[in-house]
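J.: This is the structure I want to talk about, given as structure tokens.
The values are calculated or read from the model by the stated rules, or taken from the named source; none is laboratory data. Note that this is a predicted model, so its numbers are computed, not measured. When we count neighbours, we look across all protein chains shown, and the Cβ atoms used for this are built from the backbone with ideal geometry, even at glycine.
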Amino acid sequence: MKHYRSLLDHEFLGAWDLISPDGKGREVTFTIGEVAMVEVFDPKTNKKGKKLALTPKERPERKMILGKTNADLIAALHGPDADAWVSKKITVYPAQTSFGRRREDCIRVRVPDEVLRESPHIRSRVREKLLAELGWTAVQPQSRAERQGQPPPEGGGP
């Protein structure tokens, strides 16, 4: 089963491109080939505007537009210099996000498995860096005893 939108001529990668023939979402890891500003048309405002986009090395005919969430994640993973993102790997997968009152299909970025194998603690470092850049603080989960107002057991176990 192919999503009908994957059959249309698109310049940009969409969540529908990450749906496998059995209808399930799939992750795709690719190398960033280029990062640049591109001109896009917004049919809602009937105007053209500029957006940040990256081009996969493996499929240069399809660019991926980066919203703030994905750009922040890539910056947390590979640094804030967009030129330094070239030749780095990212993994993308289809997801949904809230857009006003509607749920919309979107693409999300995660740390590639091969990067995690090289540095198993990178996911927590990326999360901490991203939270710090957003001005948020990480809340440590409480033990069951602490949630119920009891002191934690001796030895620090749950």
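J.: Check whether at least one residue in region 38-54 is in contact with a His (Cβ under 9 Å, 6 or more places away or on another chain) and crowded, with 16+ Cβ neighbours inside 10 Å, and report yes or no.
T.: no
J.: Which residue pairs have Cβ atoms under 9 Å apart, sit 6 or more places apart or on different chains, and have a first residue in region 62-90 that is free of Cβ contacts under 8 Å to residues at least 60 places away in the same chain and within 20 Å of His10 (Cβ to Cβ) and a second that is assigned to a helix (DSSP H, G or I) and not charged (D, E, K, R)?
T.: Sorted first by the residue in region 62-90, then by its partner, the pairs are Met64/Asn70; Leu66/Ile74.
J.: Residue check: is Ala95 of a type in the set (Gly, Ala, Ser), out of contact with any His (no Cβ under 6 Å at 6 or more places or on another chain), in contact (Cβ under 8 Å) with a residue 24 or more places away in the chain and in a helix (DSSP H, G or I)?
T.: no
J.: Where residues in region 60-86 are out of contact with any Phe, Trp or Tyr (no Cβ under 7 Å at 6 or more places or on another chain) and among the charged types (D, E, K, R), which of them is nearest to Glu128 (Cα to Cα)?
T.: The residue in question is Asp72.
Residue-wise test of (1) basic (Lys, Arg); (2) part of a loop (DSSP other than H, G, I, E, B); (3) surrounded by 13 or more Cβ atoms within 10 Å (Cβ to Cβ).
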| position | (1), (2), (3) |
| --- | --- |
| Leu73 | no, no, yes |
| Asp83 | no, no, no |
| Arg103 | yes, no, no |
| Val109 | no, no, yes |
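J.: A follow-up question, please. Which of (1) over 19 Å from Thr97 (Cα atoms); (2) modelled with pLDDT of 90 or more; (3) not in a helix (DSSP H, G or I) does Met64 not meet, given it meets every other one?
T.: (1)
J.: While we're on this one: Restricting to region 15-50, count the residues that are part of a strand (DSSP E or B) and not charged (D, E, K, R).
T.: Number of matching residues: 15.
J.: With the requirement that a residue be buried (at least 19 other Cβ atoms within 10 Å of the Cβ) and of a type in the set (A, V, I, L, M, F, W, C), what does region 11-27 give you?
T.: Within region 11-27, Leu13, Ala15, Leu18, Ile19 meet the criteria.
J.: Could you tell me which numbered condition Ala53 fails, if it satisfies all but one of (1) at pLDDT 85 or above; (2) not in a strand (DSSP E or B)?
T.: Every condition holds for Ala53 apart from (2).
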